[in-house]
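The values are calculated or read from the model by the stated rules, or taken from the named source; none is laboratory data. Keep in mind it's a predicted model, so treat the numbers as computed, not measured. Cβ placement follows ideal geometry from the backbone for every residue including glycine, while neighbour counts extend to all protein chains displayed.
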Amino acid sequence: MTLPATTSASETPVNPAASAPPGWGGVRNDSDLQFAPVTIPETKPPEPNWFERLLSDIFAFLADLFAPLGQALGMSWWWLQWVLLAAAIAFVLVLLVRLLGPGFGPRDTRSTADNDSEWRPDQAASLALLEDADRLAAEGRFDEATHLLLQRSVGHIAAARPDWVEPSSTARELASLPALSDAARAAFRVIAEQVERSLFALGKLERSDWEAARAAYAEFALARIERKALPA
């Protein structure tokens, strides 16, 4: 025996003649509620101003200008990537060499010795300087003799290597130049100390001060001259 099929509430047929629920008429007639579909009017995009048009023209020009280059790079990228990789490796190697400095690799001691001798004062000029300074020292003018020693020494370096000496360079700055040898820096340091004592210590230099400055200069400038050639 077959039972009749049941009908769910959702499948209940709608009766057009059925009356609306209570209160529906009031809701439907409320002017604050809209039931009709709303048509959104089409809005035109705003016209670009002069600056936007200028940027657009510039970008269009650049696009036309670099379009062939971009196409060429795209077609040759398979070998261009290896060129860029090789350039990056070369840059890293150069950077490492520069960071390690001149101590990287074998050093040419002969060239180092030649560089030391390039800025050594001329022997004749050095002897003439010592003669003039000794003449002042013999008169007891030790301050003037030491000043002359410093001024002429700076002049010797400026004449040989003008790129080392600025108009505002001081003796202490010259004594710290990395390009100078240890002997030159030591000589300038001793002479500069004596000159500073003479200028700022409000006292005259003694013979021992002058002899210390003279010995420092002679050790640096006249290292290759026989001791007998040095004036007494």
TODO: Please go through the stretch 197-210 and pick out each residue that is modelled with pLDDT of 80 or more and of a type outside the set (K, R).
DONE: L205, E206, S208, D209, W210
TODO: Report those helices (runs of 4 or more DSSP H) wholly inside the stretch 59-147 carrying at least 3 residues which are of a type in the set (D, E) and either at pLDDT 80 or above or out of contact with any strand residue (DSSP E or B) (no Cβ under 6 Å at 6 or more places or on another chain) (or both).
DONE: 109-118, 123-138
Task: Out of S76, S31, sole residue that is out of contact with any Gly (no Cβ under 7 Å at 6 or more places or on another chain), surrounded by 10 or more Cβ atoms within 10 Å (Cβ to Cβ) and of a type in the set (S, T, Y) - done: S76
- [ ] Kindly indicate whether any position in the stretch 64-72 is surrounded by 10 or more Cβ atoms within 10 Å (Cβ to Cβ) and polar (S, T, N, Q).
- [x] yes
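Among the candidates A159, A213, A183, single out the residue that is modelled with pLDDT of 80 or more and either assigned to a helix (DSSP H, G or I) or not small (G, A, S) (or both).
Numbers: A159 fails: modelled with pLDDT of 80 or more; A183 fails: modelled with pLDDT of 80 or more.
Unique residue meeting the criteria: A213.
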Open item on the list: Suppose we keep only residues that are in contact (Cβ under 8 Å) with a residue 40 or more places away in the chain and aliphatic (A, V, I, L, M) within the stretch 138-159. Which one would you say is surrounded by the fewest Cβ atoms within 10 Å (Cβ to Cβ)?
Closed with: L150
- [ ] Mind counting the residues in the stretch 192-217 that are closer than 20 Å to R135 by Cα, within 39 Å of the chain's Cα centre (by Cα) and of a type outside the set (F, W, Y)?
- [x] 3
TODO: Within the stretch 34-58, work out how many residues are part of a helix (DSSP H, G or I) and surrounded by fewer than 10 Cβ atoms within 10 Å (Cβ to Cβ).
DONE: 2
